[in-house]
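Worksheet for the structure shown next.
The values are calculated or read from the model by the stated rules, or taken from the named source; none is laboratory data. Given the structure is predicted, the values throughout are model-derived calculations rather than measurements. A quick note on method: Cβ atoms are made from the backbone with ideal geometry, for glycine too, and the neighbour counts reach across all protein chains shown. Accessible surface is based on the protein model in full, side chains and every heavy atom, while ligands, DNA and RNA are left aside. Shrake-Rupley method; radii C 1.70, N 1.55, O 1.52, S 1.80 Å.
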Amino acid sequence: MKGALVVISGPSGTGKGTVISSLLNSDPNAMLSVSCTTRAMRPGEVDGVHYFFITDEKFSEMIQQEAFLEYADVFGMNRYGTPRAFVEEKTEEGRDVYLDIDVVGAMNVKKAMDEALLIFLMPPSFEELERRLRGRGTETEEQIQKRLGTAKGEMAYADKYDYTVVNDDIDACVEQIKTIISQYKASRR
């Protein structure tokens, strides 16, 4: 059976990384998508595992060839993109492929690959989101305020997703997403 491309988005502090890690740990056949990037490889990174490291020229060629499901310039310095061929190859092998991307990237993926399953991860409340961000203790007040402002804009996109899941309890959230993916795959047989 063909695997699913599952896009998970949500504001910083909703637990996307934790949820995706749990999903990957519960299914050895699932994987996180590998993106292309123009940035330099860092110590310990492996090409094709952490990223596909490519030149700026190659990245531009891939844009021209519509070889990305989505791509972005980050801080005008490096570019990142989700390679269509890689995702299609892995889902054809029956693997579920997860993408952890922002709302703009998710909308571009949906345009490029209509069968993508989009799940928006929502905090239990805006107050809880703020509590989680402050609880990290890793950001300045200015950074927290910026993240909260960004979160409001991102949450406005939730109705454009196939599903919205509230992450109030990590285990219940992961189980709900597993059920959504199973039902989605069953409906495509």
_For the structure I just gave you, tell me whether T18 is open to solvent by less than 60 Å² (accessible area, probe 1.4 Å) and in contact (Cβ under 8 Å) with a residue 40 or more places away in the chain._
no
*Among the candidates L121, L129, L133, L117, which residue alone is touching a Cys at 6+ places or on another chain (Cβ under 9 Å) and either among the hydroxyl-bearing types (S, T, Y) or surrounded by 20 or more Cβ atoms within 10 Å (Cβ to Cβ) (or both)?*
L121
*Which listed residue is modelled with pLDDT of 95 or more and out of contact with any strand residue (DSSP E or B) (no Cβ under 9 Å at 6 or more places or on another chain), from E141, E89*: E89
_The one condition in (1) in contact with an Asp or Glu (Cβ under 6 Å, 6 or more places away or on another chain); (2) at pLDDT below 95; (3) not basic (K, R) that V104 fails to fulfil_ = (1)
*Among the listed residues S60, S26, S33, which satisfies the condition of being open to solvent by 40 Å² or more (accessible area, probe 1.4 Å), within 20 Å of K90 (Cα to Cα) and modelled with pLDDT of 95 or more?*
S26
*What about R147, is it over 14 Å from S9 (Cα atoms), assigned to a helix (DSSP H, G or I) and touching a Leu at 6+ places or on another chain (Cβ under 9 Å)?*
yes
*asked:* Quick check on this structure: which one of G10, G94, G3 is farther than 30 Å from E127 by Cα, in contact with a strand residue (DSSP E or B) (Cβ under 7 Å, 6 or more places away or on another chain) and touching a residue at least 40 places away in the same chain (Cβ under 8 Å)?
replied: G3
*Please enumerate the residues belonging to segment 63-87 that are of a type in the set (G, A, S) and open to solvent by less than 30 Å² (accessible area, probe 1.4 Å).*
A67, G81
_Step by step: first the residues of segment 161-189, then only those that are basic (K, R) and within 23 Å of G105 (Cα to Cα), then the one that is least open to solvent (accessible area, probe 1.4 Å). Which residue is that?_
K185
*Please enumerate the residues belonging to segment 154-170 that are in contact (Cβ under 8 Å) with a residue 24 or more places away in the chain and either more than 16 Å from the chain's Cα centre (by Cα) or not in a helix (DSSP H, G or I) (or both).*
Y157, Y161, D162, Y163, T164, V165, V166, N167, D168, I170
